[in-house]
Amino acid sequence: MKKITTIVATAALIASVSYAKEIKIGVVLPLTGPIAAFGQTSNDGLKIAYAERHKLKNGDKIKLIVLDDRGDKVEAATATKRLIDKNHVTAILGEVASSNSMAMAPIAERSKTPMITHASTNPRVTKGKKFVTRACFIDPFQGAIQANYAYDHGYKTAVIVTDAKQDYSVGVSKAFKKAYLKRGGKILGRVIINSGDKDFNAQVSTIKSKHPDIVDFTGYYPEAALMVRQARAMGVKAAFIGGDGVGFPELIKIAGKAAEGFMYSDHFNEAAATSPAAKAYVDAFHAKYHKPADSMGALAADAYNMILDAMNKCSNPADKICVNKNLRDTKNFQGVTGVINIDKNGDAVKSGVVNVVRNGKFAYLTTVNP
């Protein structure tokens, strides 16, 4: 009897191994180029999540195929097409920048491939889409966080800085303006920049002439660092506040002491990480990288785990329609960045935080609930 039981058990093991499949998830990130820090730290967080979970409950193995789009819209679209047509992925994670995600989304829609962006906050990324979901909050919420925090802390007049090349920046600018005016704040003007600009003397001169209480910078960290440095050099005393696009170590590295006091809305701060999922992630991140855990990595980990949870609810984890339905039906997901609920538009309803540069480091100020 013992011999027969052993044979049966061995046969079952062989069957389970032979039936285990490889499920592919494509990843599109800006690992090089002007916003490479976004992609690199997203990939760091993804590695933490993958090390923790790389098999589905049925034994299928997850394979990640990571492509670098260099932060370029065309490259992002090309990478998406390649992942679907040549690599035959079941789902796609990416991108960071809203402009790049919007270039990817139509391809995902046409092929009915579930796509989840962990960090693209522009509402148009998911608008009218059935196969595009996000793990982050959207710009109207983020812009309102900045506006309300500024107004509540005595900053009653503002100048808005908009990066005309970035849909993200345009969206946050509009959201900040709407919420700030609603509270009673006064917009003294708006200045336009373009990604890649280095010289902001003209824009800074305009800001200085307006004497605002605060400058709402809605672009990314490369330009934010240079502008605040040039602003302080020209004697601008106004406070600076921005969005999740500025909160990276490069802001401090480039701007130096000029970055002190720069506030920004974000998705995560490890100082406020109290849930078991957040604590486990932060501990693993520290152990592997020996640096603070940031929002992009945490968001990437959440998006990855949301995909796996969706796959685990399907009898066939490679069934794109089933995976997409489960992604869209995500409720009370206990993520690293907080509890995530996906609404009817594919957007995440979740909390946000406000951080500040203090003594050369990013410090937590407060949490804002939706």
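Put a dot 7 Å past each Cα toward the Cβ at residue 194 and residue 19; how far apart are the dots in nm?
Rounded to a tenth, the inter-label distance reads 5.9 nm.
For the range 140-266, count all C-alpha to C-alpha pairs, find those more than 21 Å apart, and express that count as a whole percent of the total.
When all Cα pairs of the range 140-266 are counted, 28 percent exceed 21 Å.
Apply 1/(1 + (r/R0)^6) to the Cβ-Cβ distance of residue 329 and residue 61, taking R0 = 22 Å, and write down the FRET efficiency to the nearest 0.05.
About 0.35, to the nearest 0.05.
In the chain, what cysteines have no partner Cβ closer than 4.7 Å?
136
Given the pairs 21/127; 112/344; 127/198; 178/325; 186/344, which are separated by over 24 angstrom at their Cα positions?
Too far apart for the 24 Å limit: 21/127; 127/198; 178/325; 186/344.
Pick from 106, 30, 114 the residue whose mean-square fluctuation is largest in a GNM of the chain, springs joining Cα atoms under 10 Å.
Among 106, 30, 114, the largest GNM mean-square fluctuation belongs to 106.
Cα centroids of the range 147-169 and the range 78-140: how far apart, whole angstrom?
With the range 147-169 and the range 78-140 each reduced to a Cα centre, they are spaced 27 Å.
Are there DSSP H segments in the chain that both extend 15 Å or more along their axis (alpha-carbon positions) and score a mean Kyte-Doolittle hydropathy of at least -0.5? List them, or say none.
TM-like helix candidates: 2-19, 36-52, 73-85, 98-111, 221-233, 276-289, 295-312.
Who wins for biggest fluctuation among 234, 102, 263 in a Gaussian network model of the chain, springs between alpha carbons below 10 Å?
Fluctuation is largest for 234.
Once R0 is set to 35 Å, what does the formula 1/(1 + (r/R0)^6) return for the Cβ-Cβ distance between residue 253 and residue 183, expressed as a FRET efficiency to the nearest 0.05?
Once the sixth-power term is evaluated, E becomes 0.55.
Equivalent-ellipsoid semi-axes (√(5λ), Cα gyration tensor) for the range 149-218, whole Å, largest first? Numbers along the way, then the final one.
Values: eigenvalues 84, 46, 13 Å².
Largest first, the range 149-218 gives 20, 15, 8 Å.
Quick one, which of [x] 132; [y] 153; [z] 172 is the actual volume of the Cα convex hull per residue in Å³ calculated for this model?
[x]
On the Cα set of the range 271-370, report Rg and Dmax in Å, please.
15.5, 52
Convex hull volume of the Cα atoms in the range 320-370, per residue, in Å³?
Dividing the Cα hull volume of the range 320-370 by its residue count gives 101 Å³.
Please report the relative contact order for the chain, taking Cα pairs under 8 Å with a sequence separation of at least 6, and give it as a percent rounded to a whole number. Can you show the working numbers first?
Values: 806 pairs, mean separation 61.4, N = 370.
Value for the chain: 17 percent.
FYI, it's all coordinate maths here, none of it is from the lab. As the structure is a computational prediction, the values presented were derived from the model and not from experiment. Note: ideal-geometry Cβ built from the backbone for every residue, glycine included; neighbour counts use all protein chains shown.
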